[in-house]
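To keep things clear, I will list the structure first and then write my remarks on it.
The values are calculated or read from the model by the stated rules, or taken from the named source; none is laboratory data. Predicted, not measured: the structure shown is a model, and the values here were computed from it. Glycine also receives a Cβ, built like all others from the backbone with ideal geometry; neighbour counts cover every protein chain displayed. We work out accessible area using only protein heavy atoms, side chains counted, and drop any ligands, DNA or RNA first. Shrake-Rupley method; radii C 1.70, N 1.55, O 1.52, S 1.80 Å.
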Amino acid sequence: MNEYLEQKPLIEQPSWSYEDMRGYLSEFLEIYSQSPIKDNQGGMQAPHMFATYYMLKKLAPKNVIESGIWKGQGTWLIEQTLPSTKIHSIDINLELREYLSPKVTYHSQDFSTLDWDTLLEEKESTVLFFDDHQNAFERVKTCKKLGFKHLIFEDNYPITQGDCYSLKKAFAGVGFSPQNEKKGGTLSKLFSKSSKGKVLPNLEDAKFLTENLTQYLEFPPVVKLSTTRWGDAWTESLYPTPSPLYSLEDLPPHLKVFQEEGKAYTWICYARL
């Protein structure tokens with residue numbers, strides 16, 4: 001077994017308690033029920049929508065940069081959560097948007113190529129929300145170079161799954177092989193060829209993250225199902241997961257949507273440089 005799975009690096013977690021998280025569920029569901037996009041397959045659903053809502057509420061940034069728009073449900077949620085926050089949303093194919101906002105600044109080039117010194121003020125009060133299926137480790141290095149601190153990675157894939165090199169994989173030292181990517185996967189999110197390339201198994205990336213991240217948290221699922229989105233058993237050996245906010249047996253009836261959409265969970269995480 002990889003040494004990371006036996007003993008994770010000692011990185012501080014933000015002080016967000018399960019009790020506090022549960023306290024935000026009802027107000028989140030009131031907002032989620034009003035989503036203008038009723039079928040968001042291929043994008044965020046209840047587990048990650050709630051995680052994003054909660055983390056943005058707690059971080060309360062002045063700016064949000066969203067990399068990867070898809071139909072626009074994430075953009076809509078950011079607006080609902082932080083009405084006065086300035087939002088920059090990025091996707092190389094803006095034609096897929098179903099929700100558009102006149103208050104959002106849209107871009108069709110990669111996050112790393114934009115002049116953020118001109119576009120933004122107060123980088124330290126900016127949250128980067130990555131839902132672009134790119135190399136998360138390279139994203140962290142770019143954010144460090146550009147002076148950003150607060151990062152959310154929506155698709156933080158486990159060691160044997162997913163179409164990109166996630167922080168979860170980097171910490172585990174397993175690398176990434178594009179040959180594992182399934183046909184018919186994420187659309188319109190291939191920003192650069194290098195970010196989708198093969199990464200050899202190594203422990204240097206985990207060392208870099210441990211030395212440069214001051215906080216790291218994999219947001220817990222509201223409820224954990226018996227099988228993953230890939231149809232296999234959701235075991236701790238292959239899919240180490242934070243304890244859910246509720247067990248299936250104790251899930252309140254008004255939170256049933258988190259069971260119905262529970263397989264959309266992919267270990268969404270917060271990382272602070």
Check: Given springs between every Cα pair under 10 Å in a Gaussian network model of the chain, which of A170, A46, A60 has the largest fluctuation?
Finding: A60
Next item on the list: Please report, in whole Å, how far the alpha carbons of the stretch 14-135 spread along each principal axis, starting with the longest.
Entry: 40, 33, 30
Notebook entry, point to check: Which GluC sites (Glu not before Pro) does the stretch 109-144 hold that lie in a coil by DSSP with at most 14 other beta carbons within 10 Å?
Noted result: E121, E122
Checklist line | Rg/Rg_globular for the chain, with Rg_globular taken as 2.2 N^0.38 Å and Rg from C-alpha atoms | finding: 0.95
Margin query: With +1 on the Cβ of every Lys and Arg and -1 on the Cβ of every Asp and Glu, and nothing else charged, how large is the dipole of the stretch 109-166 about its Cα centre, in debye rounded to the nearest 20?
Written below: 320 debye
Item checked: With every protein chain in place, the chain: carbon and sulfur % of accessible area (1.4 Å) -> 48 percent
Next item on the list: Choose one answer from T52, T160, T126: the residue with the largest mean-square fluctuation in a GNM of the chain with alpha-carbon springs under 10 Å.
Entry: T160
Next item on the list: Treat each spin label as a single point 7 Å out from the Cα along the C-beta direction, and report the N93 to S177 distance in nm.
Entry: 2.7 nm
Note to self: Just to confirm, what accessible area per residue do you get for the chain at 1.4 Å probe, in whole Å²?
What the structure shows: 46 Å²
Next item on the list: Please work out the C-alpha center-to-center distance from the stretch 153-170 to the stretch 236-256 and express it in whole Å.
Entry: 20 Å
Notebook entry, point to check: the stretch 65-122 to the stretch 31-54: how many Å between their Cα centroids?
Noted result: 16 Å
Checklist line | DSSP-assigned coil residues among GluC sites (Glu not before Pro) in the stretch 44-119, each with at most 13 further Cβ atoms within 10 Å | finding: none
Next item on the list: Would you check the accessible area of S33, probe 1.4 Å, heavy atoms only, in square angstrom rounded to 10?
Entry: 80 Å²
